[in-house]
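Reading through the structure tokens given below for one structure.
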Amino acid sequence: MPEITTAIGDAILPHVPALARLRRIVFRDWPYLYDGSDAYEAEYIATYARCPQAALVIAWDGGEAVGVSSCLPLLEETANVTAPFRAAGLDPARWCYFGESVLLPAYRGQGIGVVFFERREAHARSFGAYDHAAFCAVQRPDDHPMRPPDAVPLDGFWRRRGFARRAGLTCTMHWRDLGHTNETDHLMQFWTKDLTGDAA
Ligand SMILES: CC(C)(COP(=O)(O)OP(=O)(O)OC[C@H]1O[C@@H](n2cnc3c(N)ncnc32)[C@H](O)[C@@H]1OP(=O)(O)O)[C@@H](O)C(=O)NCCC(=O)NCCS
């Protein structure tokens with residue numbers, strides 16, 4: 001198992017270029033198909049560095065970051081992410097948002113993704129301010145032309161981390177898919193977990 005560290009608040013800043021690179025590499029694959037830019041990525045991750053309660057959990061191979069996972073208060077997220085919570089009568093101040101997990105393929109299946117969830121949950125619980133955690137995942141049509149025949153959804157992995165798909169709680173994000181010239185809207189489904197019980 002590689003070394004896994006947690007960077008909080010402005011300690012995130014030195015890692016921004018490496019993490020931008022990882023997001024771009026991993027999110028090119030199904031189901032994200034993300035044709036990103038380092039400039040957008042660096043700005044996106046800097047949002048985390050500006051937030052004292054944000055954390056990045058980083059997996060290392062020697063001196064190189066090979067995976068990252070993020071979390072921050074939902075209130076710090078953009079309006080498209082918080083609006084569905086408000087519309088559903090949920091107070092964003094009580095929620096910790098898990099931004100993403102990206103791990104290079106060669107390092108998967110060794111338990112690093114499990115640690116990403118454990119560390120973020122421990123970080124969220126440490127504030128005593130959040131009742132719930134939430135993340136969202138892109139929804140693609142079953143007949144999407146770029147769906148690999150052997151694609152395995154992460155639903156089971158997420159359920160085993162204690163998350164459940166929250167029916168009716170969705171948001172829209174936009175990015176340029178590979179092979180497209182313009183950004184398009186993407187439907188994102190929220191998954192949520194109650195943090196008020198004992199830690200798993
Ligand atoms: C999501 C992602 C980070 C998961 O990473 P991962 O390191 O392969 O996941 P893990 O190895 O921790 O877990 C996979 C399974 O292997 C098991 N496992 C294998 N070796 C293990 C070990 N040594 N210790 C603990 N668990 C281990 C886990 O328990 C888990 O099985 P379970 O769900 O039945 O409990 C990775 O698949 C990824 O980067 N995917 C692409 C990006 C993406 O879609 N991200 C999600 C949306 S942002």
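Computed from the coordinates by the stated procedures, all read-outs in this text should not be read as laboratory data. Every value quoted in this text rests on a predicted model; they were computed, and no experiment measured them. All Cβ positions, even for glycine, are placed from backbone atoms using ideal geometry, and neighbour counts span all protein chains on display.
What the table below lists for this structure:
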| item | result |
| --- | --- |
| Amide H contacts of Glu100 (H built 1.01 Å from N, under 5 Å, at least 5 apart or other chain) | Ser70 |
| Label point 7 Å beyond Cα of Met173 along Cβ direction - residues of the stretch 93-135 with amide nitrogen under 17 Å | 96-104, 117, 133-135 |
| Long-range HN-HN contacts of Val66 with modeled amide H, under 5 Å | Ala59, Trp60, Asp61 |
| Cα Rg, Dmax (largest Cα-Cα span) when computed across the stretch 3-194, Å | 16.0, 46 |
| The stretch 131-200 and the stretch 1-39: distance between their alpha carbon centers, rounded to Å | 18 Å |
| Length added when fully stretched, His180-Ala18, from 0.36 nm per residue minus Cα-Cα | 55.8 nm |
| Nearest-20 debye value, the stretch 96-200 charge dipole, Cβ charges on Lys, Arg, Asp, Glu | 260 debye |
| Highest-fluctuation residue, Leu154, Leu90, Leu56 considered, GNM on the chain with Cα pairs under 10 Å | Leu154 |
| Ser37, Ser70, Ser101 arranged by Cβ crowding within 10 Å, fewest neighbours leading | Ser37, Ser101, Ser70 |
| Cβ-derived FRET efficiency at R0 22 Å, Ala122 paired with Ala164, nearest 0.05 | 0.65 |
